[in-house]
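The values are calculated or read from the model by the stated rules, or taken from the named source; none is laboratory data. It should be emphasised that the depicted structure is a prediction, and the values quoted were computed from it without experimental measurement. FYI the Cβ positions are ideal-geometry reconstructions off the backbone, even for glycines, and counts take in every protein chain you see.
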Amino acid sequence: MTVNNQIVVFTLNKQQYALPIVNVSEIIRVMEVTEVPNVDYYCKGIINLRGSVVPVISLSLRLGLEESELSNESRVVVIEKEEQKLGMIVDSVSSVSLYTDDEIEKPEAMKSSGDFINGVIHQKNNIILLLDMEKIIN
């Protein structure tokens, strides 16, 4: 039996990335971020999301990429694990897509940012890098 999995597809530096939708709590427009001292270089600060304090990171910086300038397309993808939320700034969110486990390739050669990559999904003429949420937040 083939199981269809849903992913949220987004862009960082013109490359498409994805997270399993089960990890995504919501997607919001970028709002004012309050800076917090003495945090990792990729941590942008915190936001107030309907009364909850949510830390926000630059996903580009976390993955070792160059950080893009914020635009009208920029979004914060809010993920949740064990009632803890984390906001990740991305360049844009393009779609929610389906994939099957058969569509995922797990190239052994990807080791630079490969620690954060669970696999590669080929859809239409696009290559989508499937991120490992556990490794991003730890």
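Filter region 37-67 down to the residues that are among the hydroxyl-bearing types (Ser, Thr, Tyr) and either within 16 Å of Ser25 (Cβ to Cβ) or assigned to a strand (DSSP E or B) (or both), then identify the one that is modelled with the lowest pLDDT.
Ser52
Somewhere in region 87-94, is a residue touching a strand residue (DSSP E or B) at 6+ places or on another chain (Cβ under 6 Å), assigned to a strand (DSSP E or B) and more than 17 Å from Asn13 (Cβ to Cβ)? Even if it seems obvious, please write down each step before you answer.
To start, the set of residues in region 87-94 that are touching a strand residue (DSSP E or B) at 6+ places or on another chain (Cβ under 6 Å) comprises 87-94.
Remaining after also requiring assigned to a strand (DSSP E or B): 87-90, 92-94.
Okay, now just the ones that are also more than 17 Å from Asn13 (Cβ to Cβ), so 87.
The answer is yes, given that some residue of region 87-94 is touching a strand residue (DSSP E or B) at 6+ places or on another chain (Cβ under 6 Å), assigned to a strand (DSSP E or B) and more than 17 Å from Asn13 (Cβ to Cβ).
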Do you know which residues across region 73-85 are touching a Ser or Thr at 6+ places or on another chain (Cβ under 9 Å), of a type outside the set (Lys, Arg) and over 15 Å from Gln16 (Cα atoms)? Val78, Ile79, Glu80
Using beta carbons and a limit of 8 Å, which pairs, at least six apart or on different chains, have the first residue in region 114-138 and surrounded by 15 or more Cβ atoms within 10 Å (Cβ to Cβ) and the second one of a type in the set (Lys, Arg)? Phe116/Arg62; Phe116/Lys135; Asn118/Lys106; Gly119/Lys106; Val120/Lys106; Met133/Lys81; Ile136/Arg62; Ile137/Lys81
Mind checking which residues of region 42-64 are of a type outside the set (S, T, N, Q) and either closer than 18 Å to Val8 by Cβ or touching a residue at least 60 places away in the same chain (Cβ under 8 Å) (or both)? Leu49, Val54, Val56, Ile57, Leu59, Arg62, Leu63
Go through region 41-64 and give me each residue that's touching a helix residue (DSSP H, G or I) at 6+ places or on another chain (Cβ under 7 Å) and either crowded, with 19+ Cβ neighbours inside 10 Å or closer than 16 Å to Lys135 by Cβ (or both). Tyr42, Arg62, Leu63
